[in-house]
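One structure is given here, and the rest of the page talks about it.
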Amino acid sequence: MIWFFLCVGLLVAGYFIYGKFIERLFGPKPERATPALTMADGVDYVPMSDKKVYLVQLLNIAGVGPIFGPILGALYGPVAMLWIVFGCIFAGAVHDYFSGMLSVRAKGASVPTVVGEHLGTAAKHFMNLFAVVLLMLVGVVFVLSPAGLLANLTSIDLVYWIAAIFAYYILATIVPIDKIIGRFYPIFGALLVFMSVGLIVGLIVSGKGFYNTGMDFSNLHPTDLPLWPLLFITIACGAVSGFHATQSPLMARCMQNEKSGRFIFYGAMIGEGVIALIWCTLGLSFYESTEALNATLANGGPAAVVHEVSTSLLGTVGGILAILGVVILPITSGDTAFRSARLIVADFLKLTQKPMAKRLLIAIPMFILGFIISKADFDVIWRYFGLANQATAAIMLWAAAAYLIKEGKLHWVCTIPAIFMTTVCITFLGNAAIGFGLPMNISTMLGVVTTSLMTLAFLIKFRPSRLREAKENR
C-alpha cells in the first residue's frame, strides 16, 4: 500500500508543480471574458461555479475507462501504475488543459474546430468525422457496460436497461446543460467519492498487499500479451485519453474565468488518475496473482471484478453502493458523449442549437445510429474505441504543440507526448487483428519510422521562419 500512496502523492505533486508550469506556459488572462459570459444562450453556454464545473468535468471524463482499463492493465503488474502516474502528469493532464483552454480561446469550439485552427482545414475535416465516430463508440460502450452491471444487480433483462439508459441519454443530450448535468452531477460526485475512498479503505482494513508481485516491473501478464504497445491502449482514461478533448469544450462553455483552467481541466485529469490508481491497486492486491485476476475476467470481464471486489470489501449494502458509483460513471460520460457529438455536428452544419426542434433534428438520427451500433459485439467495439481514443489524443496534442510554436513558446511539453502516442497508435494498428496483423518487431519499426517522418514534417511546417514568412505575406 505504500506504493499506492506514493503514486497518489506524485499525482498531487504533479498538479501543483508541473500543472503550474503548464498554466504559466499557456498564460491565462483572468481579465478576459470567457464564452460562458459573452455567448450565454441558456442551453450550452451557461455560467457555472468552478466547483460545479470541476465535478461535471470529472464525471464527464471518468466513464468506465479509469475502472475497466486499469483492471485490465493490472494484468501486466505494478508497471501499469507507473504508466498511470507519468502518463497522467506529463501527457493526459497536459492534453486536457490545452484542449479545454484552446476551446475557451476559440469561443467554446468543439475539438475539430480547435484542431483545424492550428493544424489546418484538412485536419479539421478529418476530425469532424473522426470525433463523431469516437463519440458514438463511447456512447455505445457507456450504454452497454452500465446496463450489464445493472442487469447483474437486478432481475430486469439487459435489453430493458439498454432502452432506459438510451432514453435518459436522449433527454440529457437535448435539455439545457444546467437542468440535469449541472444539477445532479455534484450529487453523483459524492457517490463517486464514496466508492473510491470506501474501496481503498476497505482494502487497507483487509490487510491485503500486492500478492506475488512486489515491486516487479516486468511484464506479468498471464497470457504473455506484449506490454508494448498494448498497455498504453488498454489504460487510456486515467493516463491519457482523446475522449477528454471532446468533453472539455462542454465545460469551456461554462467556465467563468480563464484562471480556473488548471483546477478544472488539469485537476480533473489528476482526479481521474487517482481513480485509475485505486482500481489498478485493487486488481493487484485483491487477487493472489495476475492469473487469479485473469480467471475472474474470463468469467465476466471487468464488471465481474467490480462486483466481486466491491461486495467483498464493503459488504452487500456498501458493495451495491460502490457498484452504483461504477454504473453512474459511464452514464455521466455517455450522455455528454452524445451531447458533444450533437454540438460537433451542429458546428459543422452551422446549425444553431437554441431551438429544441434543431437539437432533435441532430439527436434523433444520432441515437438511432447508436442503437444500431450497440448490436455489435462489445469486445470489438471496445477495441476500436481504444484505438480511436488514443489517436484522438495524439492529434489534439499535435494541435496544442502547433499552437505553442506559433506563440513562440516551449512546444516540447506537447510534442513529446504527441510523438509517443502517435508511435503507440501506429504500432498497435500495425500489429492488432483489427489492423494489419503484422509481427510486433515490424509494427514497432513501422510506428517509429512513420512517427519520425511525421515529426520531421511537423517541425518543417511550423518552423519559426516559415511562420514569420506566412504572417508577413498575409
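Could you tell me which helices of the chain pass both thresholds, a Cα extent of 27 Å or more along their own axis and a mean Kyte-Doolittle hydropathy of at least 1.0, with helices taken as whole DSSP H runs?
Details: long enough: 121-153 (48 Å, 1.78); 181-206 (37 Å, 1.98); 267-286 (28 Å, 1.62); 301-349 (51 Å, 1.24); 378-406 (42 Å, 0.92); 412-431 (28 Å, 1.54); 440-461 (31 Å, 1.40).
For the chain, where a helix must reach 27 Å along its axis and average at least 1.0, the hits are 121-153, 181-206, 267-286, 301-349, 412-431, 440-461.
Can you tell me the equivalent ellipsoid semi-axes for the stretch 45-86? Use √(5λ) from the Cα gyration tensor, largest first, whole Å.
Numbers: eigenvalues 186, 23, 7 Å².
Over the Cα atoms of the stretch 45-86, the semi-axes work out to 30, 11, 6 Å.
For the stretch 242-322, what is the relative contact order in percent, using Cα pairs closer than 8 Å and at least 6 residues apart in sequence?
13
If you put +1 on each Lys and Arg Cβ and -1 on each Asp and Glu Cβ, how big is the dipole of the chain around its Cα centre, in Debye rounded to 20?
Details: 31 positive and 23 negative charges, 380 e Å.
So the dipole magnitude of the chain works out to roughly 1820 debye.
Between [x] 27.7; [y] 24.4; [z] 21.2, which matches mean projected area of the Cα convex hull in nm² calculated for the structure shown?
After the calculation, the listed value that fits is [z].
Roughly how many debye, to the nearest 20, is the charge dipole of the stretch 188-289 about its Cα centre, given +1 on each Lys and Arg Cβ, -1 on each Asp and Glu Cβ, and no other charges?
It works out to roughly 400 debye.
Can you give me the relative contact order of the chain as a percent, contacts being Cα pairs under 8 Å and 6 or more apart?
29
Using just the alpha carbons, could you tell me how many Å³ per residue the convex hull of the stretch 309-421 encloses?
Taking the convex hull of the Cα positions in the stretch 309-421, it is 197 Å³ per residue.
Heavy atoms only, probe 1.4 Å: what % of the accessible area of the chain goes to carbon and sulfur, would you let me know?
About 68 percent, which is the carbon plus sulfur part of the accessible surface.
Per DSSP helix of 4 or more residues, -39500 (n - 2.57); summed, then divided by the residues of the chain. What does that give at 222 nm, rounded to the nearest 500? If you can, show how the numbers build up before the last one.
On the way: 21 runs with 350 residues, N = 474.
Helix contribution divided over all residues of the chain: -24500 deg cm²/dmol.
The values are calculated or read from the model by the stated rules, or taken from the named source; none is laboratory data. It should be emphasised that the depicted structure is a prediction, and the values quoted were computed from it without experimental measurement. We place every Cβ from the backbone using ideal geometry, glycine too, and count neighbours over all the protein chains shown. These accessible areas exclude ligands, DNA and RNA; they are computed on the full protein's heavy atoms, side chains included. Shrake-Rupley method; radii C 1.70, N 1.55, O 1.52, S 1.80 Å.
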